[in-house]
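What follows is one structure encoded as structure tokens, with my remarks underneath.
The values are calculated or read from the model by the stated rules, or taken from the named source; none is laboratory data. From a predicted model like this one, the values you see are computed outputs, not experimental measurements. Cβ placement follows ideal geometry from the backbone for every residue including glycine, while neighbour counts extend to all protein chains displayed.
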Amino acid sequence: MNLFIILAVFTGIAAYDLPPVIKNKQWRNLALYIVFFLFILLIGILMSLDVTIPSPIKAIQNFYQNVLHLAFKVS
């Protein structure tokens, strides 16, 4: 049921947002919009299917500590 709601909402958003962009022939904006739209749609679908999605904060912390060799103290 949640999956149906997510797909219906995203279909409505696309139906509202895309026609003006296509009509004005803003192809770069359309390409960028589609990339972000599909990424967020994928996250929404995975969350509705109860798939555990890792936190991006953990990846950022790992990057700071292991790649940049920076550490910060929590007060």
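Listed values, structure above:
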| quantity | calculated |
| --- | --- |
| Residues being among the aliphatic types (A, V, I, L, M) and touching a residue at least 12 places away in the same chain (Cβ under 8 Å) - total across region 41-75 | 3 |
| Region 1-27, subset under 15 Å from residue 45 (Cα atoms) and among the polar types (S, T, N, Q), residue modelled with the lowest pLDDT | 2 |
| Cβ pairs under 6 Å, 6+ apart, first in region 1-13 and at negative phi, second surrounded by 10 or more Cβ atoms within 10 Å (Cβ to Cβ) and in a helix (DSSP H, G or I) | 2/48; 3/48; 6/44; 6/48; 10/41 |
| Candidate set from region 3-21 (those that are surrounded by 12 or more Cβ atoms within 10 Å (Cβ to Cβ) and farther than 22 Å from residue 53 by Cβ); member that is nearest to the chain's Cα centre (by Cα) | 14 |
| Residue under evaluation residue 61, criteria (1) surrounded by 10 or more Cβ atoms within 10 Å (Cβ to Cβ); (2) at pLDDT 95 or above, criterion not met | (2) |
